[in-house]
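Asker: Please find one structure pasted underneath; my questions will follow.
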Amino acid sequence: MSRKDKVNYYLDIADAVSHRSTCLRRQYGAIIVKNDEIVATGYNGAPRGRKNCDDLGSCLRDEMRIPQGQQYELCRAVHAEANAIISAAREETIGGTLYLVGRDGKTGELLDAAPCKMCERFIINAGIENIVCRFADGEYKSKKLHDLVYDDDTISRYL
């Protein structure tokens, strides 16, 4: 039996974290690693003390048929990446790597995970250097923070 590579080891842990998600649509798990140590984990779910969609048995965005990636303000959940960043001190995230895994809430199938534009901003401000996202079993893509900062087209789209 061959030893699992480090990237897939961390992605497997992020996948395990995703099973704590309380979202009915998408279940994401994120971990932040620095110096080969996990410094924070996060999954998507309602803010502490508020009811989760799985507690309510419904999702407002589903009920309103809102497509994926639109009108996040109507979602009860805080994203996994944001929750991981919130759980860590900034000195722990600077220079670290964020690993992200997402699954469909109904089928459990792996999604082509990627941070939304808002979470990209949080990742930039947290000083995270790399993002690694799983898109299939054992397969992933990675992005350097430098690419997020200098390849950003969000401003030009609105001019």
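Any read-out appearing in this document is the output of simple, stated calculations on the displayed coordinates, not a laboratory observation. Remember, predicted model here, so these are calculated numbers, not experimental data. Because the Cβ atoms are built from the backbone with ideal geometry, glycine has one as well, and the counts that use them run over all protein chains shown.
Asker: Of all residues in the range 93-110, count the ones that are out of contact with any Asp or Glu (no Cβ under 6 Å at 6 or more places or on another chain) and assigned to a loop (DSSP other than H, G, I, E, B).
Answerer: 7
Asker: Right, something else. Considering only residues that are in contact (Cβ under 8 Å) with a residue 24 or more places away in the chain and small (Gly, Ala, Ser), look in the range 33-56 and name the one that is surrounded by the fewest Cβ atoms within 10 Å (Cβ to Cβ).
Answerer: Applying the filter and picking the extreme gives Ala46.
Asker: Find the residue count for the range 62-79, including only residues that are surrounded by 10 or more Cβ atoms within 10 Å (Cβ to Cβ) and either of a type in the set (Asp, Glu) or in contact with a Pro (Cβ under 9 Å, 6 or more places away or on another chain) (or both).
Answerer: 5
Asker: Taking the range 90-102 as the search range and keeping residues that are in contact (Cβ under 8 Å) with a residue 24 or more places away in the chain and surrounded by fewer than 21 Cβ atoms within 10 Å (Cβ to Cβ), which one is farthest from Arg134 (Cα to Cα)?
Answerer: Taking the candidates together, the pick is Arg90.
Asker: In the range 68-112, which residues are farther than 24 Å from Arg48 by Cβ and in contact with a strand residue (DSSP E or B) (Cβ under 9 Å, 6 or more places away or on another chain)?
Answerer: Answer for the range 68-112, where residues must be farther than 24 Å from Arg48 by Cβ and in contact with a strand residue (DSSP E or B) (Cβ under 9 Å, 6 or more places away or on another chain): Gln68, Ile94, Gly95, Thr97, Asp104, Gly108, Glu109, Leu110, Leu111, Asp112.
Asker: Which numbered condition trips up Pro47, out of (1) more than 14 Å from the chain's Cα centre (by Cα); (2) over 19 Å from Leu111 (Cα atoms); (3) assigned to a helix (DSSP H, G or I)?
Answerer: Of the numbered conditions (1) more than 14 Å from the chain's Cα centre (by Cα); (2) over 19 Å from Leu111 (Cα atoms); (3) assigned to a helix (DSSP H, G or I), the odd one out for Pro47 is (3).
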